[in-house]
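The next block holds one structure in the form of structure tokens; read it before the comments.
Read-outs throughout are calculated quantities, based only on the coordinates presented, and are distinct from any laboratory measurement. Given the structure is predicted, the values throughout are model-derived calculations rather than measurements. Reconstructed Cβ throughout: ideal geometry from the backbone, glycine too, with neighbour counts over all protein chains shown.
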Amino acid sequence: MVYKVGDRFGFSGKPWPQYPYEIDNFIAFLVEQGCRSYMEIGCRYGDTFHAVGLALPEGAKLLALDLPGAKSGMKNKGGHRDSGDYLVRAAADLVKRGRDAHVILGDSHEAKTLELVKPYAPFDAIMIDGDHTAKGVESDWKMYGSMGKFVAFHDIAGSGKWSRQIRPIYEKLCKGRNHREFIFDNKRRGIGVLWSL
């Protein structure tokens, strides 16, 4: 089957900026591993966060961390300013469906945000999908990586502007650790998961 980004619409009603193959297999991996808690850094409209949350069992602990309208990386020079409203709605829907879902709107690189996250830790899995700069990804790993058994990185494939920032850090972290990758198109996107602990 041929997939393209935007083949699927998420809870927000917007085209999902992910390959269905990659996100479906990532979610299946989390379920297979028995994950019951999940944190996502860089959620935009909350579609991946919502899909993962629905796949995990009732009572699962879920935390979304995002900075709407950020001016670096994939936030596209201050775009997506309304994304926080969508993300809050996605979390509220998960709560209605029996999940323990929460949202923190803030900069993941700031110490005050880390302090807000700490009471929710640890997590079975964390997805790092924030500002897509080498400095930002490395900061998210250093600040939050030890909070999760599994840590996933989005946009590890190909040679695009985001993967050129993320792939070297991801590859360095994979050395000596178990890891799995879900890549549909070697030219872009891709999800890599490593065993953090």
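Quick one: which of Lys61/Lys112; Lys118/Lys172; Lys118/Lys175; Lys112/Lys149; Lys96/Lys118; Lys96/Lys172 span more than 29 angstrom between C-alpha atoms?
Details: Lys61/Lys112 21 Å; Lys118/Lys172 26 Å; Lys118/Lys175 27 Å; Lys112/Lys149 23 Å; Lys96/Lys118 24 Å; Lys96/Lys172 40 Å.
Lys96/Lys172, as the Cα separations exceed 29 Å there.
To the nearest 20 debye, what is the magnitude of the charge dipole of the stretch 7-46 about its Cα centre, counting +1 on the Cβ of each Lys and Arg and -1 on the Cβ of each Asp and Glu?
Numbers: 4 positive and 5 negative charges, 41 e Å.
Computed charge dipole of the stretch 7-46: roughly 200 debye.
Could you please rank Glu115, Glu171, placing first whichever residue has the fewest other Cβ atoms within 10 Å of its Cβ?
Numbers: Glu115 9, Glu171 12.
The most exposed by this proxy come first: Glu115, Glu171.
Per residue of the chain, what 222 nm ellipticity follows from adding -39500 (n - 2.57) for every DSSP H run with n ≥ 4, rounded to the nearest 500? Could you put the intermediate results ahead of the total?
On the way: 6 runs with 68 residues, N = 197.
Calculated mean residue ellipticity at 222 nm is -10500 deg cm²/dmol.
Using the Cα centre of the stretch 20-195 as the reference point, and only Cβ charges (+1 on K/R, -1 on D/E), how large is the resulting charge dipole? Debye, rounded to the nearest 20. Spell out each step's value before the answer.
Details: 26 positive and 23 negative charges, 90 e Å.
With Lys and Arg at +1 and Asp and Glu at -1, about 440 debye.
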